[in-house]
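Below you'll find the structure, written out as structure tokens, and then a few comments.
The values are calculated or read from the model by the stated rules, or taken from the named source; none is laboratory data. What you see is a predicted model, and the numbers here were worked out from it, not measured in a lab. Using ideal geometry, Cβ is built from the backbone for each residue, glycine included, and neighbour counts are taken over all protein chains shown. Note: accessible area is taken over every heavy atom of the protein model, side chains too, but ligands, DNA and RNA are not part of it. Shrake-Rupley method; radii C 1.70, N 1.55, O 1.52, S 1.80 Å.
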Amino acid sequence: MSFLRSRFVQAALILVLSAVILRFGIRPPAPWSVFTLYMAVVFLAVLIFVSSDSDSWRGFIRPIRSTLVDPDQRVLRSALVVVIPLLLGYYAYTQAAAKPQAPAELRAVHPAPPDTIQFRGKQINISGAENPLRKDQASRQKHVAAGAALYIRNCVYCHGDNLDGQGHFARGFNPPPANFQDPGTIAMLQEAYLFWRIAKGGPGLPRESTPWNSVMPSWEDRLTEEQIWQVIMYLYDATGQQPRRWETAH
Amino acid sequence: MACDSRNKLVYVLLVFFALALLGSALPVDAQDAAREPAYRAFPVLGSRLAVWAVAQLHLNFAAFILGCPIFAVIIEIIGWRTRDQRYDWLAHEFVKLTFAAFSTTAMLGALLLFLFVGYYPRFWAYLTSIFFPTYWVYALLFFGETFIVYLWYYGWEWLSGSRKWIHVSLGVLANLVGTAILVVANSWVTFMISPGGIDESGRLVSLWKAINNYTWMPINVHRLIANIVFGGTIAAAYAAFRFLSAETQEERARYDWMGYVGNFVAVSAFIVLPFAGYWLGREIYAFNQTMGITMMGGFMSWLWIVQAILIGILFLGSNYYLWLGMERIPGSERYRKFVPPMLLILTIGFMIWATPRTMVITFDEARAMGGTHHPVLGFFGVMSAKNTVVNLMILTTFLSYILYRRANRISTKPWVRTGMGVQWAAFAVAAVIVVFFGVYGYFVDSLTRIGFSVWQVLAVLTCIVIVMAIDIPMFRGARSTGTIRWGTIATRSQYVLILLAVTFTWLMGLMGFARSGIRQHWHVYGVLRDTSVDAVTPALGYAANVITIVTIVFFALVTFIFWLGGLGERGGPKGHAPAPVIAGGSDSSEGATSQARPQGATAPSEASPRIDCAGKAGARKS
């Protein structure tokens with residue numbers, strides 16, 4: 001096992017092990033874009049590891065130098081001259097070859113909401129707005145129940161009965177419907193933001209970061225203002241999430 | 001008398017006609033002003049690109065000339081109080097760099113002003129209607145700064161000896177005035193992001209409220225700290241360049257030390273920079289949620305992934321430089337075992353910080369993940385995870401520094417075991433607090449989670465204070481394991497210093513784009529709309545190209561200016577005290593490995609290498 005003391009072998013092992021763990025140790029698999037990002041960081045770290053002191057660095061480059069210049073390494077050198085271009089060529093081919101699917105997309109996390117919107121001819125402030133139904137605590141359960149009924153009737157087909165974005169139609173959409181159970185969705189947003197997204201849907205998304213490809217309908221023609229607030233109350237109640245409050249810093 | 005009366009009448013008539021002419025001309029002027037175009041087109045490049053490039057270049061130079069004197073005067077004070085000539089030399093070197101870049105900064109500022117007046121006249125007229133009184137303050141401050149810095153630089157020899165306190169006071173004054181310039185200019189910039197002190201129609205109501213708007217103070221603090229980091233990295237890069245082109249061992253030792261100090265300054269300030277940035281982000285959210293979401297979750301969200309990669313490189317690079325630097329310190333071998341675990345923490349922290357919340361995915365990958373958010377890695381995409389790892393990376397960097405600091409010293413204090421125990425406990429407690437709040441943050445609402453970041457920051461800062469409060473007395477009068485062999489550091493370390501400077505410059509450009517881009521199609525957010533042909537926010541790729549070109553131009557200019565500044569050193573008498581010789585820097589001591597000091601000898605600290613002035617005793621060998 002003395003070969004394990006070689007810095008070059010250690011570096012190669014770290015890279016291979018990292019690739020295996022990151023590729024097969026994460027379930028579901030990490031997207032290729034994230035995997036390559038991680039591997040780039042690992043590669044950088046390995047370079048630092050082998051070169052953070054002179055002995056280590058000399059140990060690392062010794063086999064490389066030997067392969068490149070020693071006469072008795074001619075066979076290995078010749079093999080590498082063939083194999084490395086082939087591997088690079090194969091990688092280039094896999095990246096350039098047309099695949100029967102849409103290319104990967106870079107999407108924004110949350111589109112920025114407008115300060116105000118027009119809802120059935122009425123101007124509604126999105127910035128700073130609170131859910132008006134929360135003022136009436138006595139009727140809270142009534143509103144949540146009404147919101148649940150509305151959700152089952154209108155939203156469950158896409159967003160699912162567990163509110164996890166796994167509804168019947170979900171697999172037909174790209175991007176898939178939002179998962180409200182995820183702490184990175186409605187828990188990070190004020191209720192007014194949800195009001196805007198429900199009222200205006202995909203057609204009302206801003207031009208920034210287009211195309212959005214959202215199939216979310218615009219619900220302002222089908223639901224009243226109160227109904228939308230009721231659905232929002234239900235979303236937070238059913239998932240156990242808390243709506244984000246408005247900041248009052250400064 | 002009649003003649004006098006006639007003359008008087010002529011004068012009165014002349015005055016009358018002059019007034020009448022002026023009176024009639026004013027409306028004409030007013031009409032001309034109304035006909036004045038809102039925008040003019042800069043040839044070939046376009047107005048926005050021209051303003052963007054010049055503004056960024058001006059900002060880079062300004063950051064350097066405002067940041068560098070801050071630590072230059074501190075170093076000068078250290079030299080003054082300890083009567084150590086090498087610190088005085090180093091401070092002079094830093095101010096020399098500042099001085100060389102001073103006029104370029106002013107010229108770029110003037111060019112920027114001309115561009116605004118010429119190509120964005122309506123916008124500039126509006127900004128003037130709000131901030132005109134501050135222009136005078138700015139001009140006066142700039143005059144003051146110029147004269148003070150000139151006096152500071154040229155009076156170095158004249159105000160030495162018993163008059164040194166006057167010289168040091170000039171340095172302090174230069175920094176105060178420089179900071180005042182910064183905060184005045186910041187009021188204009190921040191007003192464009194978060195306007196205040198105006199009525200519904202945009203007219204000025206309160207100048208103070210316009211100045212003291214939501215983002216003014218956070219940007220003041222953020223830029224002040226960032227300027228120190230920037231000044232440190234540029235000075236270190238300059239030292240690296242001089243190290244690489246040095247022809248003697250003395251010169252290499254001198255610039256090795258200068259590079260170390262520059263990097264030390266940069267890393268020290270860099271540690272607190274993320275906290276200031278976080279405060280600024282919160283204020284932007286508090287001012288306008290739309291703007292906040294545009295910045296963090298909207299179309300600029302990917303910019304933060306790029307930022308995470310750059311900051312990750314800064315953390316890795318800074319630590320790598322320290323680890324390489326330990327090689328020139330006899331006795332540091334006992335700390336090498338800490339490098340792999342520290343590197344592991346930094347690597348994992350880097351990976352988590354760079355994990356995007358919404359990933360670039362194919363349709364198949366989205367299906368496999370069950371949505372756009374990965375069920376496992378998605379947890380790394382939110383601020384709880386990112387705040388946690390950045391705090392752990394800061395702690396790790398601090399640990400690197402502590403190990404470097406004590407590399408050639410063995411404490412002789414009887415309470416050393418207790419002291420070290422408390423230090424390790426401080427590290428452990430801080431790490432536990434940081435991780436606890438990071439994990440707990442997933443179970444509370446957003447605002448509560450944001451509040452946790454304050455406790456995480458406090459835990460890290462408290463740890464730093466406790467560890468340093470113990471470390472300084474614990475290693476006072478410590479036994480030495482050898483003198484630092486300045487100038488013998490691996491050459492690649494100098495490329496790391498240059499890399500850090502380039503990375504930080506690029507990062508500043510990126511953050512400048514973010515700060516400006518979040519206004520989208522507004523010159524002054526919500527008040528003065530951008531109706532020019534450039535009223536679109538450029539894509540990140542385009543911005544990256546512009547930032548790259550500006551960074552290249554900046555370094556080309558800096559190299560040229562520093563080369564010009566160095567011309568004075570060639571073949572003539574120096575204007576300042578002769579350059580010092582630093583221990584380990586003598587050619588005759590090259591490769592000296594027998595520099596171990598006798599047992600019990602007091603070691604010089606890592607930032608206080610033994611040094612003589614060449615004109616006095618020559619190089620001393622350890």
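Sequence-ordered 3J(HN,Hα) estimates for segment B:333-338 from the Karplus curve with 6.51, -1.76 and 1.60 and θ = phi - 60° stand at 4, 5, 9, 5, 5, 7 Hz, glycine and proline given as x. Each distinct pair of alpha carbons in segment B:149-269 adds a 1/r term; the inverse of their mean, the Kirkwood radius, is 17.5 Å. FRET efficiency for A:R134 and B:E36, Cβ-Cβ distance as r, R0 = 51 Å, nearest 0.05? Calculated transfer efficiency: 0.50.
Here is the list for segment B:394-474: chymotrypsin sites (Phe, Trp or Tyr not before Pro) lying in DSSP coil, each with at most 15 other C-beta atoms within 10 angstrom of its C-beta, are B:W415.
Of B:V137, B:F64, B:P43, whose Cα points farthest to the positive end of the dipole of segment B:40-197 (charges on the beta-carbon: +1 Lys, Arg; -1 Asp, Glu; origin at the Cα centre)? About the Cα centre, the residue reaching furthest to the positive side is B:P43. Projected label points at A:A149 and A:T224, each 7 Å from Cα along the beta carbon direction, are separated by 1.2 nanometres.
For chain B, with the dipole built from +1 on Lys and Arg beta-carbon atoms and -1 on Asp and Glu ones, taken about the Cα centre, which of B:G331, B:V306, B:H167 lies farthest toward the positive end? So the residue we want is B:G331. Taking every C-alpha pair closer than 8 Å and separated by at least 6 residues, the mean separation divided by the residue count of segment A:2-96 gives a relative contact order of 27 percent. In chain A, helices alone account for a calculated mean residue ellipticity at 222 nm of -16000 deg cm²/dmol, with every DSSP H run of four or more residues adding -39,500 (n - 2.57). Can you give the FRET efficiency for B:V117 and A:Y157, using 1/(1 + (r/R0)^6), R0 = 60 Å, r = Cβ-Cβ distance, to the nearest 0.05? After rounding to 0.05, the efficiency reads 0.55.
Rolling a 1.4 angstrom probe over the protein assembly as shown with all protein chains present gives an accessible area of which 67% lies on carbon and sulfur atoms. Note on chain B: helix-only mean residue ellipticity at 222 nm, from DSSP H runs of 4+ residues weighted -39500 (n - 2.57) and normalised by residue number, equals -24500 deg cm²/dmol. The distance separating the Cα centre of segment B:310-387 from that of segment B:243-282 comes to 22 Å. First check a/c for segment B:95-141, with a ≥ b ≥ c the square roots of the eigenvalues of its C-alpha gyration tensor; if it is under 1.5, answer rounded, and if not, answer prolate when a/b is larger than b/c or oblate otherwise. It comes out oblate by the Cα gyration axes. Accessible area per residue for chain B is 42 Å², calculated with a 1.4 Å probe on protein heavy atoms, without ligands, DNA or RNA. Helix A:140-154 sits at what angle to the longest principal axis of chain A, using alpha carbons and giving 0 to 90 degrees rounded to 10? Its long axis makes an angle of about 70 degrees. The residue among B:I78, B:A543, A:I198 whose Cα reaches farthest toward the positive pole of the charge dipole of the protein assembly as shown, with charges on the beta-carbon of Lys, Arg, Asp and Glu, is B:I78.
When the square roots of the Cα gyration tensor eigenvalues are ordered a ≥ b ≥ c, the ratio a/c for segment B:115-214 is 1.5 or more and a/b exceeds b/c, which makes its shape prolate. Relative contact order of segment A:139-248: 32 percent, from C-alpha pairs under 8 Å at least 6 residues apart in sequence.
How would you classify segment A:2-96 from its alpha-carbon gyration tensor, with a ≥ b ≥ c the square roots of the eigenvalues: rounded for a/c under 1.5, else prolate if a/b is greater than b/c, otherwise oblate?
It is oblate, given that a/c is not under 1.5 and a/b is not larger than b/c.
For the protein assembly as shown, a simple Cβ point-charge model (Lys and Arg +1, Asp and Glu -1, everything else neutral) yields a dipole of about 1760 debye relative to the Cα centre.
Suppose every Lys and Arg Cβ carries +1 and every Asp and Glu Cβ carries -1, with no other charges. What dipole size does segment A:100-215 come out with about its Cα centre, to the nearest 20 debye?
Values: 12 positive and 9 negative charges, 82 e Å.
For this selection, approximately 400 debye.
Considering only alpha-carbon pairs that sit under 8 angstrom and 6 or more positions apart, the relative contact order computed for chain B is 17 percent.
Accessible surface for segment A:116-239, divided over its residues, is 48 Å² per residue with a 1.4 Å probe. Placing dummy labels 7 Å off each Cα toward the beta-carbon, the span from B:F147 to B:A556 is 3.8 nm. In summary, chain B shows an alpha-carbon radius of gyration equal to 1.11 times the 2.2 N^0.38 Å reference for compact globular proteins. Heavy-atom accessible area buried between chains B and A is around 5500 Å² (1.4 Å probe, both sides summed).
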